[in-house]
1. How far apart, in nanometres, would the label points at LEU11 and THR109 be if each is projected 7 angstrom from Cα along the Cα-to-Cβ direction?
2. For the range 53-115, divide the Cα radius of gyration by the Kirkwood radius and give the resulting Rg/Rh value with two decimals.
3. Mean-square fluctuation check for the chain, GNM, Cα pairs under 10 Å: which of LEU102, LEU85, LEU20 is largest?
4. Using the Kirkwood formula on the Cα atoms of the range 1-110, what hydrodynamic radius do you get, in angstrom to one decimal?
5. Taking the simple approach of a point 7 Å from Cα along Cα-to-Cβ for both SER84 and LEU102, what is their distance in nm?
6. With the other protein chains left in place, how much accessible area per residue, in square angstrom, belongs to the chain at a 1.4 angstrom probe?
7. If I compute solvent accessible area with a 1.4 Å probe over the protein chains, what percent of it on the chain is carbon and sulfur?
8. Under a plain spin-label model, where a point goes 7 Å from the Cα along Cα-to-Cβ, how far apart in nm are LYS43 and THR68?
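The values are calculated or read from the model by the stated rules, or taken from the named source; none is laboratory data. This is a predicted model, so every value here is computed, not measured. We place every Cβ from the backbone using ideal geometry, glycine too, and count neighbours over all the protein chains shown. For the accessible areas, the whole protein counts, side chains as well, though only heavy atoms, and no ligand, DNA or RNA atoms are used. Shrake-Rupley method; radii C 1.70, N 1.55, O 1.52, S 1.80 Å.
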Amino acid sequence: QVQLVESGGGLVQPGGSLRLSCTASGTIFDINVMRWFRQAPGKQREMVAAITYGGNTIYTDSVKGRFTISRDNAKKMVNLQMSSLNPEDTAVYYCNADIRELPSDGWFTYWGQGTQVTVSS
């Protein structure tokens, strides 16, 4: 059973920083794209950033220059370094990854349980 577990959320003041981490565990042959999504109250879930196995990255416009996504393939981990946080960044942040459990399997997208990030003074 593949699991994605996020950590690192919490309460931070405007202008502050937080680092989120997500680790995949279970029967895993390969991990392709890893992503961070977020969902604020009353809003649709949106993709924040994504990173390929080779390290290519994309970001939604609102976080460019403030957030950095990175990954450690050996540790099956993806991180999101967030800086210059503002109240509009308040949301539940979810980790997401395309994973093959066995070489003969197709790719399946897994989700973590989410971690709350609150930006408030």
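1. 3.4 nm
2. Rg divided by Rh gives 1.01.
3. LEU102
4. Value: 14.4 Å, from the Cα pair sum.
5. The answer from the label model is 4.8 nm.
6. Averaged over the residues of the chain, the accessible area is 52 Å².
7. Taking all protein chains in place, the chain shows 48 percent carbon and sulfur surface.
8. It works out to 2.4 nm between the two label points.
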